[in-house]
Amino acid sequence: MAYTISMTETDLVRACINNDRRAQKELYEKYKRAMYTICYRITGDFDLANDALQEAFIQIFRALPKFRAESTLGAWIKTIVVRTAIKKIKKQPKFDELEDFHTADRVDWGTSLDTEYLEKAILSLPEGYRAVFVMIEVEGYAHKEVAEILGISVGTSKSQLFHAKKRLRSILDQYR
């Protein structure tokens, strides 16, 4: 079977379920960049993001037979990727130290305020703050969804977002 842009998502999923390696590669190639970005934004670490992405795609391929198309394939994949990245940072000893501000207060961000600077500012947040911030402000999850995924209360999710924004404002003020 030749894989082209005209192949439907349903056909691609079906081929992946049938262990067609070319289809699996196509699915991976289609989503890897966007999903890696999510992993990196949540973990703040290149190696951890790569590990999370790899684990997520293993889970995705194993779970494809259970995909019911109640949402888009991309949204379903994103949910698995986010949960995998969250599990990765939860395994890190620092995740529970949400109030730990031992990261450097001043970082050399360069000379212009741009997306790279903002990305660095987000990555400088403690893991818990960063995870909630990325999930809500970047990925568009609701507090209830974040609370469920992270195993925290909605109030904690709101508190973490508040503190993340406060911390980012402080970083941006230092930049000016």
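So if I average 1/r over every pair of distinct C-alpha atoms in region 1-77 and take the inverse, what Kirkwood radius in Å does that give? Mind showing how you got there, number by number?
Values: mean 1/r = 0.0765 Å⁻¹.
After inverting the pairwise mean of 1/r, the radius is 13.1 Å.
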(request) Obtain the nm distance between the two label points defined at Asp47 and Lys66 by a simple spin-label model: each point lies 7 Å from its Cα along the Cα-to-C-beta direction. (result) 3.1 nm
(request) Within the set of other residues whose C-beta is less than 10 Å from the C-beta of Ala52, count the net charge using Lys and Arg as +1 and Asp and Glu as -1. (result) -1
(request) Please list, or write none, the lysines whose alpha carbon is within less than 24 Å of the alpha carbon of Lys165, excluding same-chain residues fewer than 8 places away. (result) Lys78, Lys87, Lys88, Lys90, Lys94, Lys120, Lys144
(message) Please list 3J(HN,Hα) in residue order for region 136-149, calculated via the Karplus relation 6.51 cos²θ - 1.76 cosθ + 1.60 where θ = phi - 60°; whole Hz, with x for glycine and proline.
(response) 8, 7, 9, 8, x, 6, 8, 4, 4, 5, 4, 4, 5, 5
(message) Please list 3J(HN,Hα) in residue order for region 125-130, calculated via the Karplus relation 6.51 cos²θ - 1.76 cosθ + 1.60 where θ = phi - 60°; whole Hz, with x for glycine and proline.
(response) 5, x, 3, x, 4, 4
(message) Along the Cα→Cβ direction, 7 angstrom out, place labels at Asn18 and Ala142. What is the inter-label distance in nm?
(response) 3.9 nm
(request) Pull up all non-local amide H partners of Ile152: gap of 5 or more, or a different chain, and H-to-H distance under 5 Å with H placed in the peptide plane. (result) none
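Could you compute the FRET efficiency for Ser153 and Asp11, with r as their C-beta to C-beta distance and R0 at 45 Å, rounded to 0.05? The partial results should precede the final answer.
Details: r = 42 Å, r/R0 = 0.94.
Once the sixth-power term is evaluated, E becomes 0.60.
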(request) Filter the trypsin sites (Lys or Arg not before Pro) in region 28-95 down to the DSSP loop ones having no more than 12 other Cβ atoms within 10 Å, then list what survives. (result) Arg68
(message) Could you tell me how far the Cα centroid of region 49-86 sits from the Cα centroid of region 129-176, in Å?
(response) 22 Å
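Values in this text are rule-based calculations from the coordinates and carry no lab data. Predicted, not measured: the structure shown is a model, and the values here were computed from it. For neighbour counting, all protein chains shown are included, and Cβ atoms are generated from backbone atoms with ideal geometry for every residue, glycine included.
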